[in-house]
Amino acid sequence: MHGFVDHPPLPLVLPPPETENLDPVTLQAFHALGRVFHLHRQAMQRKLSNPETHHGELISLRLLTRTDGISQREFADTLHLSRPRVTSILQGLERAGAVRREPDPADQRVTRVFLTPEGRRQEMENRAAFEDYVQQTVGKLTDGDKVELTRMLDEVSGHIAELVCPAAQEQGARTS
């Protein structure tokens, strides 16, 4: 089909880990969240116009629709990616005919990145696939469930952020 094996998604079924300090309800909730991540990734790949497109390329095309002509350095800074990673992403997009890079006329040391008509077409297709996917998943929930899901996921995100960046959380707490 699109360069990948077409089979039904498998639920994330792993033997339960040996745990001593986790209650069963917490563990069930954690596994349910893992299944969502696993199935979400599979479903998104199937919805895209080109399932071999990398997530970084999708974000790059979206960024360029708003900032066409951005410098490659600003591009890397905006996406919080290393310059070598951005170079790799842009090379893939160039091979696909989605972007072109040109030296800045005022400063030859600066490279500017532009969307091509093909890049605009790809971004529009990907955006439509994304919108359809969101409607078929989260869009099917009631408004109350969407609000509650958002609240719960924001809370879990906050706990994860504390683990990822404890210094920022401590500083934020001191300035509050």
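If we scan the range 133-146, do we find a residue that is surrounded by 11 or more Cβ atoms within 10 Å (Cβ to Cβ), more than 21 Å from M44 (Cα to Cα) and more than 17 Å from the chain's Cα centre (by Cα)? Yes, some residue in the range 133-146 is surrounded by 11 or more Cβ atoms within 10 Å (Cβ to Cβ), more than 21 Å from M44 (Cα to Cα) and more than 17 Å from the chain's Cα centre (by Cα). Of the helices (runs of 4 or more DSSP H) lying entirely inside the range 59-172, those containing at least 2 residues that are in the same structural domain as F30 (by TED's automatic domain parsing) and in contact (Cβ under 8 Å) with a residue 24 or more places away in the chain span 72-79, 83-95, 117-136. Go through the residues of the range 40-53 one by one and say whether even a single one is in contact with a strand residue (DSSP E or B) (Cβ under 6 Å, 6 or more places away or on another chain), over 30 Å from E18 (Cα atoms), in contact (Cβ under 8 Å) with a residue 40 or more places away in the chain and surrounded by 13 or more Cβ atoms within 10 Å (Cβ to Cβ). For the range 40-53, residues in contact with a strand residue (DSSP E or B) (Cβ under 6 Å, 6 or more places away or on another chain), over 30 Å from E18 (Cα atoms), in contact (Cβ under 8 Å) with a residue 40 or more places away in the chain and surrounded by 13 or more Cβ atoms within 10 Å (Cβ to Cβ): absent. Filtering G92, G69, G97 for residues that are among the small types (G, A, S), within 21 Å of L48 (Cα to Cα) and over 18 Å from the mean Cα position of the chain (by Cα) leaves a single hit, G97.
For (1) in contact with a Phe, Trp or Tyr (Cβ under 7 Å, 6 or more places away or on another chain); (2) crowded, with 16+ Cβ neighbours inside 10 Å; (3) farther than 22 Å from A128 by Cα, each residue gets a yes or a no:
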residue	(1), (2), (3)
E57	no, yes, no
G69	yes, no, yes
S88	no, no, yes
G97	no, no, no
V110	no, no, yes
F114	no, no, no
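The values are calculated or read from the model by the stated rules, or taken from the named source; none is laboratory data. Please read all numbers here as calculations on a predicted model, not as lab measurements. Note: ideal-geometry Cβ built from the backbone for every residue, glycine included; neighbour counts use all protein chains shown.
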